[in-house]
1. Just checking, how many residues over region 30-64 are exposed (fewer than 10 other Cβ atoms within 10 Å of the Cβ) and closer than 26 Å to residue 13 by Cα?
2. Enumerate the helices (runs of 4 or more DSSP H) found wholly within the chain, keeping only those where 2 or more residues are in contact with a helix residue (DSSP H, G or I) (Cβ under 7 Å, 6 or more places away or on another chain).
Amino acid sequence: MPALPSHSSHNTQPQDVAEFGPMKGAKDSMVSVYVNNPATTRSRCTIFSACELIASAYSAERTSYSIKSGF
């Protein structure tokens, strides 16, 4: 099982800010569009649709620029 070495969280924290922050914003906007879309108002938000939204937000915001800017 991979693990982080002790006392090394300061090395991974920039990724939290530079990469996962924009991903959270993209996810929030995609969920808002999904919920407010008249075509999806009758369908329920399932675990599959939630995973699709999060995966698309992750792939949209994960760029080489955002990864490099974290370090």
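The values are calculated or read from the model by the stated rules, or taken from the named source; none is laboratory data. Bear in mind that the values here come from a model prediction, so they are computed numbers and not experimental data. Every residue, glycine as well, gets a Cβ built from its backbone with ideal geometry; the counts of neighbours run over all protein chains shown.
1. First pass over region 30-64, keeping only residues exposed (fewer than 10 other Cβ atoms within 10 Å of the Cβ): 36, 38-39, 41-42, 44, 46-48, 64.
Going one step further and asking which of them are closer than 26 Å to residue 13 by Cα, we end up with 64.
So the count comes out to 1.
2. Passing ranges, in order: 21-36, 47-61, 64-69.
Every residue, every condition in (1) among the small types (Gly, Ala, Ser); (2) modelled with pLDDT under 75, yes or no:
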residue: 11; (1), (2): no, yes
residue: 21; (1), (2): yes, no
residue: 30; (1), (2): no, no
residue: 33; (1), (2): no, no
residue: 38; (1), (2): no, no
residue: 48; (1), (2): no, no
residue: 52; (1), (2): no, no
residue: 59; (1), (2): yes, no
